[in-house]
Amino acid sequence: MVFFGFMVFSGIWGFFADRYGRWKILLLVTVWSSYYSLVTSFAHTYVWFIFLRSMVGCGVAGHSQGFVLMTEFIPSKYRGRILPLGQIFWLLGSTLEILLAYLIIPTLGWRWLVRISTFPSIVLLVVFKCIPESARFNVSVGNTQIATQTLQYIAKMNRVSLPRGSLVESGLAKRGQFLDLLDSGYRRTTLQSWFIWLGSAFSYYGLVLTSSELLENNPICNSLESAESLHIKSVEICHCKMFEAADYQTMIISTLGEFIFVPISPFAMEILGRRRILALMMGLSGIFFLLLNICTSRIELTIILFILRGLVSANFTIIYIYTAEVYPTTIRSLGLGSSSSMARIGAMTAPFIAQVLLPLSPVTSLCLFSAVCIVCSVLAFTLPIETKDREMQEMKSSDPIS
């Protein structure tokens, strides 16, 4: 339900961000997700819990506008170096959440975990006044004076002076038009990017759900058992149980794998460009998914999962950057939001493969994940627009391919 809310509202928040500003939407969704997350901890029935979690998903869907906001402030020379480093904070948050769950759930329960996890969002609301609206957005809507003030504030912080001259808006254009994503200039880019987003989320969340199963009870090494006996076994063990220390350790180990490509991604993107490095990472992901079909020792399996977790995480980071760079300011938030909606389709599909099909046919399940990654690799390599060293586009042009 969280992913469902995410899917429905990602495009909606992108539409409003292109119309009314990134800062306003980011503030709204932060309040929204914080409120519903806190209220979830007081849910008295399962139906209310499901509804409130979907509302959390609706709010979290708009947090990608923070990425758009940051992207629009960074010069093209430094985007490939700085934006991937933001992944560190995502990973730190994921690891911290696992540690909190390990410490809080056995003693205080899940309700207090949710309440404590909401606290950072509340702190974020206090520092929102330090976050300026995108100068690019202000120029696109004709607020050149406000955009100039923002740039002067940034120049003052950096102890430099703005170049001489004034900002000139080249002409007011319609913003947040969904059909602009599918016009002749961006149609192919949009359609291919949507599937890459879907495949990235499908492989990422599929691996997250598959890792514990493979580490704790590798079905590949139990392939002598019939599919029917595996199905019966999966039904017999299908019940809720408290996580043990080993379960949390498994989750932490797999999560730490996402750190391995964080320092490599910036250099790789600067050398190879966005399309080729994404195609390479996707292709390697497909190969490593195939390697999981080999019965190995626990240590070797852990190493493969560790590297694969880093690969699928890097895929997400690169496609995030590419999507934020490829669209003009007038549809940038909508482009990222609609892509994020497609990713949730992949995320919602992944559990049916990783938790339903895997116990019945592990080879089929892992080969399916591999096949999707290979297809995404081809689509990434054939994307029509390369954004490396490309200036951010302010308005939609008839021929954006470069």
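The values are calculated or read from the model by the stated rules, or taken from the named source; none is laboratory data. Just so it is clear, the structure is predicted and the values come from calculations on it, not from any experiment. No Cβ is skipped: glycine too gets one built from the backbone with ideal geometry, and neighbour counts run over all protein chains shown. Ligands, DNA and RNA are excluded from the accessible area calculation, which covers all protein heavy atoms including side chains. Shrake-Rupley method; radii C 1.70, N 1.55, O 1.52, S 1.80 Å.
Give 66, 57, 21 a once-over and let me know the one that is open to solvent by less than 70 Å² (accessible area, probe 1.4 Å), touching a residue at least 40 places away in the same chain (Cβ under 8 Å) and farther than 20 Å from residue 347 by Cβ. Sole residue among the options that is open to solvent by less than 70 Å² (accessible area, probe 1.4 Å), touching a residue at least 40 places away in the same chain (Cβ under 8 Å) and farther than 20 Å from residue 347 by Cβ: 21.
Tell me yes or no: at least one residue of the stretch 216-237 is at pLDDT 85 or above, surrounded by 13 or more Cβ atoms within 10 Å (Cβ to Cβ) and basic (Lys, Arg). Taking every residue of the stretch 216-237 in turn, none turns out to be at pLDDT 85 or above, surrounded by 13 or more Cβ atoms within 10 Å (Cβ to Cβ) and basic (Lys, Arg). If you go through the stretch 324-343 and pick out every residue that is among the charged types (D, E, K, R) and either closer than 24 Å to residue 203 by Cα or modelled with pLDDT of 90 or more (or both), you end up with 1. Of all the residues in the stretch 94-114, those that are touching a residue at least 12 places away in the same chain (Cβ under 8 Å) and either open to solvent by less than 50 Å² (accessible area, probe 1.4 Å) or assigned to a loop (DSSP other than H, G, I, E, B) (or both) number 10. Look at (1) out of contact with any Pro (no Cβ under 9 Å at 6 or more places or on another chain); (2) open to solvent by 60 Å² or more (accessible area, probe 1.4 Å); (3) at pLDDT below 75 and you find that residue 242 fails only one, number (1). Hey, can you tell me all the residues within the stretch 25-53 that are free of Cβ contacts under 8 Å to residues at least 60 places away in the same chain and either among the charged types (D, E, K, R) or open to solvent by 70 Å² or more (accessible area, probe 1.4 Å) (or both)? Within the stretch 25-53, 28, 35, 44, 46, 47, 48, 51, 53 meet the criteria. Inclusion of residue 331 among residues that are surrounded by 24 or more Cβ atoms within 10 Å (Cβ to Cβ), β-branched (Val, Ile, Thr) and in contact with a Gly (Cβ under 8 Å, 6 or more places away or on another chain) is warranted. Considering every residue within the stretch 326-349, establish whether at least one is within 18 Å of residue 80 (Cα to Cα) and aliphatic (A, V, I, L, M). Checked the stretch 326-349: at least one residue is within 18 Å of residue 80 (Cα to Cα) and aliphatic (A, V, I, L, M). Residue check: residue 150 meets all listed conditions (1) assigned to a helix (DSSP H, G or I); (2) open to solvent by 70 Å² or more (accessible area, probe 1.4 Å); (3) among the hydroxyl-bearing types (Ser, Thr, Tyr) but one, namely (2).
May I ask you to list the residues in the stretch 282-324 that are farther than 28 Å from residue 221 by Cβ and open to solvent by less than 10 Å² (accessible area, probe 1.4 Å)? Those that are farther than 28 Å from residue 221 by Cβ and open to solvent by less than 10 Å² (accessible area, probe 1.4 Å): 314, 318, 319, 321, 322, 323, 324. All of (1) free of Cβ contacts under 8 Å to residues at least 12 places away in the same chain; (2) touching a helix residue (DSSP H, G or I) at 6+ places or on another chain (Cβ under 8 Å) hold for residue 356 with one exception: (2).
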